[in-house]
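K.L.:
Next up is a structure, given as structure tokens.
The values are calculated or read from the model by the stated rules, or taken from the named source; none is laboratory data. Treat the numbers as computed from the prediction; the structure is a model and nothing was measured. Here Cβ is always computed from backbone atoms with ideal geometry, including for glycine, and neighbour counts include all displayed protein chains. Only protein heavy atoms, including side chains, enter the accessible area calculation; ligands, DNA and RNA are left aside. Shrake-Rupley method; radii C 1.70, N 1.55, O 1.52, S 1.80 Å.
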Amino acid sequence: RYPIETKKTFLKEDVFMPYIIAAIVLLLVVLFSCIRIVPQATEYVIELLGKYKTTWKAGIHMKIPLLERISKKVTVKEQVLDSPPVITKDNVTMQIDTVVFYRIFDAKMYTYGVVNPVNALSNLTATTLRNIIGEMDLDSTLTSRDTINGKLTGILDEATDQWGIKITRVELKNI
């Protein structure tokens with residue numbers, strides 16, 4: 001008839017419960033922050049302790065916290081680049097609107113091949129176009145648009161292979 005006394009333990013479980021819950025919540029936050037979903041037509045370049053490790057394609061991936069990082073997010077869709085004006089062989093200044101269509105085929109080479117790939121492609125396009133147009137006079141420049149497009153595409157594609165860039169086509173919009 002007397003109430004039964006419960007034995008009190010030395011370590012109370014109620015004291016450690018908030019710490020356990022906080023640790024579990026922190027662990028879950030770190031775990032979910034390491035899950036990455038790479039969208040379609042995008043690739044992520046991953047570094048482990050500052051050194052290239054792998055390239056993630058589209059899909060779900062898990063990175064190691066504090067050790068791995070996403071170095072660069074690369075779009076592998078076809079992109080467009082405009083080019084500056086050039087001068088012909090007979091010293092006639094011409095405004096040639098050139099459009100370069102390119103896509104990235106290797107994210108690792110694109111990330112580590114050259115410091116600023118788009119700027120490098122723009123400069124390479126301008127110098128190559130100057131070389132091609134510089135060998136022609138004004139009349140031949142106006143009539144051989146397809147020849148210029150073909151030469152420019154071949155030269156640029158060969159030069160940008162080491163940067164992970166594929167030149168799909170070059171178009172002279174306006175001369």
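K.L.:
Out of all the residues in region 56-81, which are open to solvent by less than 80 Å² (accessible area, probe 1.4 Å), in contact with a Phe, Trp or Tyr (Cβ under 7 Å, 6 or more places away or on another chain) and at pLDDT 90 or above?
P.N.:
Passing the criteria: W56, I70, V74, Q79.
K.L.:
Which one of these is free of Cβ contacts under 8 Å to residues at least 40 places away in the same chain and closer than 23 Å to E43 by Cα: N149, N123, N131, N116? Spell out the reasoning first.
P.N.:
Values: N149 fails: closer than 23 Å to E43 by Cα; N123 fails: closer than 23 Å to E43 by Cα; N131 fails: closer than 23 Å to E43 by Cα.
Only one candidate passes the filter, namely N116.
K.L.:
When both residues are 6+ apart or on different chains and their Cβ atoms are under 8 Å apart, which pairs have a first residue that lies in region 162-174 and is surrounded by 15 or more Cβ atoms within 10 Å (Cβ to Cβ), and a second that is in a loop (DSSP other than H, G, I, E, B) and of a type in the set (G, A, S)?
P.N.:
Here the result reads W163/G113; G164/G113, each pair linking region 162-174 to a residue that is in a loop (DSSP other than H, G, I, E, B) and of a type in the set (G, A, S).
K.L.:
Would you tally the residues in region 45-75 being touching a helix residue (DSSP H, G or I) at 6+ places or on another chain (Cβ under 8 Å) and among the aromatic types (F, W, Y)?
P.N.:
1
K.L.:
Go through region 127-143 and give me each residue that's within 14 Å of V170 (Cα to Cα) and either of a type in the set (S, T, N, Q) or surrounded by fewer than 16 Cβ atoms within 10 Å (Cβ to Cβ) (or both).
P.N.:
If the condition is that a residue be within 14 Å of V170 (Cα to Cα) and either of a type in the set (S, T, N, Q) or surrounded by fewer than 16 Cβ atoms within 10 Å (Cβ to Cβ) (or both), then T128 is the only one that fits.
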